[in-house]
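Below: the structure, in structure tokens.
The values are calculated or read from the model by the stated rules, or taken from the named source; none is laboratory data. Here the structure is a predicted model, which is why all the values come from computation and not from measurement. Positions of Cβ are backbone-derived with ideal geometry, glycine not excepted, and every protein chain shown enters the neighbour counts.
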Amino acid sequence: MRTKTILWVSLLLTAGLLTACGTTNVYPQAEPPQRTLTVNGVGQVTVSPDVAYVSIGIQTEDPSVGSAVRANNATAQAVVDAIKSFGVEERDITTTNFSVYLQERYDDKGNVVEKTYVVQNTVSVTVRKLDTLGDLLDAVTQAGANAINGVVFDVENRNEVINQARTLAVESARQQAEALAKAAGVTLGEVQSISFYDTVPARLEGKGGGGMDVAASSVPISSGQFDIVATVTITYTLK
């Protein structure tokens, strides 16, 4: 009997030791959320256009397709010569459309009473000397152009101006963040995120229309100004 009692006590002690040595899970304490400060900044640059894009049309009509084409070619050459006389380079003159089609006129019974071939030629011109634009438009209409389809103003270095506006916007946001952090008694940390969008107006539309509309001596042209605006949203960490 004594032997059995000692054996049971030994087994109970061993089981107790195994239980005491079991695995214990330790979970790390969650870190407090990062303190941040989010600000918006706006940058604006006002620019004056330094380039104009002009669409000039020449249309001729004749019962003979050959005569219509020859007349159009002669007029188009006179128009191009007039454009070049204002210092416009060859690379800034582009033919954007040339078309020939038959136009028929019918009587009350539906019979064809007249056939006319219409030839249209459209030239796109980049004018870099805006002070000559009014005189140039007058010269091309005098040379035979019968359609000024539009005058559009822009700045050639548009991307550079956009970058200037973005730089101003970022600086504005940084100054606001520093002022707010100082007022709150905290220290501004690193940039955590940046988002932005640009407000860039479409090219400014100038006066356009038929040739008779612009054929006054020295057409008055005003290019005006426009604003390019950048807006940024920046999130800073706080120390």
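Taking Arg174 and the conditions (1) of a type outside the set (A, V, I, L, M, F, W, C); (2) touching a Gly at 6+ places or on another chain (Cβ under 8 Å); (3) at pLDDT below 95, which numbered condition does it fall short on, given that it satisfies the others? Looking at each condition in turn, Arg174 falls short on (3).
Output the residue which, of all residues in the range 198-208 that are out of contact with any helix residue (DSSP H, G or I) (no Cβ under 6 Å at 6 or more places or on another chain) and surrounded by 12 or more Cβ atoms within 10 Å (Cβ to Cβ), is modelled with the highest pLDDT. Walk me through how you get there before you give the answer.
Keep residues of the range 198-208 that are out of contact with any helix residue (DSSP H, G or I) (no Cβ under 6 Å at 6 or more places or on another chain), which gives 199-208.
Subset that is surrounded by 12 or more Cβ atoms within 10 Å (Cβ to Cβ): 199-200, 203-204, 206-208.
Values: Thr199: 88, Val200: 82, Arg203: 66, Leu204: 60, Gly206: 58, Lys207: 50, Gly208: 47.
By that ranking, first place goes to Thr199.
The residues of the range 145-181 that are small (Gly, Ala, Ser), in contact with a Ser or Thr (Cβ under 7 Å, 6 or more places away or on another chain) and assigned to a strand (DSSP E or B) amount to a single one, Gly150.
Considering the range 134-160, the residues that are among the aliphatic types (A, V, I, L, M) and surrounded by 22 or more Cβ atoms within 10 Å (Cβ to Cβ) include one that is farthest from Gly57 (Cα to Cα), namely Leu136.
Among the residues of the range 163-180, those identified as under 15 Å from Ser195 (Cα atoms) and in contact (Cβ under 8 Å) with a residue 24 or more places away in the chain are Ala165, Arg166, Thr167, Leu168, Ala169, Val170, Glu171, Ser172, Ala173, Arg174.
Does Leu137 count as part of a helix (DSSP H, G or I), aliphatic (A, V, I, L, M) and under 27 Å from the mean Cα position of the chain (by Cα)?
The answer is no for Leu137.
Note on the range 35-119: no enclosed strands (runs of 3 or more DSSP E) hold 2 or more residues that are β-branched (Val, Ile, Thr), more than 22 Å from Phe153 (Cβ to Cβ) and over 32 Å from the mean Cα position of the chain (by Cα). Only one entry in Val118, Val100, Val113, Val125 is of a type in the set (A, V, I, L, M, F, W, C), without any contact (Cβ under 8 Å) to a residue 40 or more places away in the chain and under 23 Å from Asn72 (Cα atoms), namely Val100. Counting only residues that are crowded, with 16+ Cβ neighbours inside 10 Å and free of Cβ contacts under 8 Å to residues at least 60 places away in the same chain, the range 51-75 holds 7 of them.
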